[in-house]
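Below is one structure, written out as structure tokens; the observations come after it.
Every number here is computed from the coordinates shown, using simple stated rules; none is lab data. No experiment lies behind these values; they were computed from the predicted model shown. Here the Cβ positions follow ideal geometry from the backbone for every residue, glycine too, while neighbour counts run over all protein chains shown.
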Amino acid sequence: MSALGHLTRLFGSDDFAILADDNRFLNFAASQGLAVQNLNTVDHLPENSVILAFSEEAGQKVSQLASKQNGIRVVFCASHVFDHSLSAAIYTLRLIMQSDFVGAIDRQQEVMQMLNAAETITFEGKGSNGVVHLEPSEPPNGLKSACFKDAFVLSVAEFFEVHYSHVNPEHPLPFQLSGTLSVDGILAAMRPDGSTPYEDAPQDVKRLIQEVALAQSATLDVEKSRIRSFKVNGTERGDLLTALAGARGVQLTEFAVAVNSNIVHAVDYTINSQLNEGVEGIHVAIGDGSAGYHVDFLCAGVAVRPNIHQAAQTA
């Protein structure tokens, strides 16, 4: 299916527009034959749209306009909390156009069915292996297959992962993970109202993204959902993670199974793009993006399956 075909299938129409608050980006999108609108000048959102926000003001405007309209379909990308550069936005758009949104939602149903039926799962592949114990009272977060048939306003990330999040540190973890993860790349996000943990943190996180992306090896060791070690080309980076994550430290705050198989060979881990975290495989994260960075560790090509011994005991 063509790139336009994937979005046409999602929206149920080939009448959709790309919106953003950056004219350079809109000029690029228009040069690719896409209909565009400047988010700064619109007073309502089109029926179907893909929106990239380069600023917090743009993100707030999308929220305000969407709250006043019914029957619209919006795929929203918060570029401003990752990397709001023009090059990163162009890369993100290219991955969006390659992604099979409807197929990913179908794959989510399979993953959620597996997770809901399991108390323990294992993961393995490409140098990663371990076990995840799931809290039965905490179901995984994912999209239902019917969600895109009517109106929706969704973050682009929601289409490509099924996840467990630990939002409130006062509550028990919904998962407990132990194992070794071979990390292909990392992402770092900071909420607009978040606090940078220390003065040089923005520069340090940019350097770490590049270092991991270009490394021969990056290995994360986790015990009971707490990072014990993060070595990049043999150099320990655990202390840096502790500093970047701020108040939440190196306790995991997320475990996710990602389902975007279409971008596996197109991902560039040197770019801090929200689309990267959907690459098929698994990822874990620390921090909450508020009292420090939210840092995702991406492990492409890692497979998850129910614990065979548990399934045998249940049978």
- Provide the gained length on full extension for the span Glu124 to Ala30, in nm with one decimal, where the gain is 0.36 nm per separating residue minus the Cα-Cα distance. 29.6 nm
- Message: At 25 °C and a viscosity of 0.890 mPa s, what translational diffusion coefficient does Stokes-Einstein give for the range 3-98, taking Rh as the Kirkwood radius over Cα pairs? Give it in µm²/s as a whole number.
- Response: 184
- Can you give me the Cα centroid spacing of the range 77-131 and the range 212-257 in angstrom? 19
- Item | Mean Cβ count within 10 Å, highest first, over the residues of peptides 55-61, 183-189, 97-103 | 183-189, 97-103, 55-61
- Message: Taking 0.36 nm per residue of sequence separation and subtracting the Cα-Cα distance, how much length would be gained by fully extending the chain between Asn70 and Glu223, in nm to one decimal?
- Response: 50.5 nm
- Counting alpha carbon pairs within less than 8 Å and at least 6 residues apart, what relative contact order, in whole percent, applies to the chain? 18
- Note on the structure: Rounded to the nearest 10, the angle in degrees between the Cα long axis of helix 201-214 and the longest principal axis of the Cα atoms of the chain comes to 80
- Listed highest first by mean packing, meaning other Cβ atoms within 10 Å per residue, what order do 275-285, 42-52 come in? 275-285, 42-52
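Can you tell me the order of 196-202, 211-217 when each peptide is scored by its average per-residue count of other Cβ atoms within 10 angstrom, highest first? Don't jump to the answer; show the numbers that get you there.
On the way: 196-202: 14.0, 211-217: 15.7.
Result, highest mean Cβ count within 10 Å first: 211-217, 196-202.
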- With a/c under 1.5 counting as rounded, go ahead and sort the range 1-55 into rounded, prolate or oblate using the C-alpha gyration tensor (a ≥ b ≥ c being the square roots of the eigenvalues; past the cut-off, prolate if a/b is larger than b/c, else oblate). oblate
- Item | Pairs of alpha carbons in the chain whose separation is greater than 32 Å (percent) | 27
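Shape call for the range 94-204 from the C-alpha gyration tensor, a ≥ b ≥ c root eigenvalues: rounded (a/c under 1.5), prolate (a/b greater than b/c) or oblate?
rounded
So how much slack lies between Arg305 and Ser155, counting 0.36 nm per residue of separation and subtracting their Cα-Cα distance, in nm?
51.3 nm
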- List the residues of the range 156-188 whose backbone N lies under 18 Å from a point placed 7 Å from the Cα of Gln113 along the Cα-to-Cβ direction. 161-163
- With Cα atoms, 0 to 90° folded angle of helix 56-67 axis to the chain main axis: 70
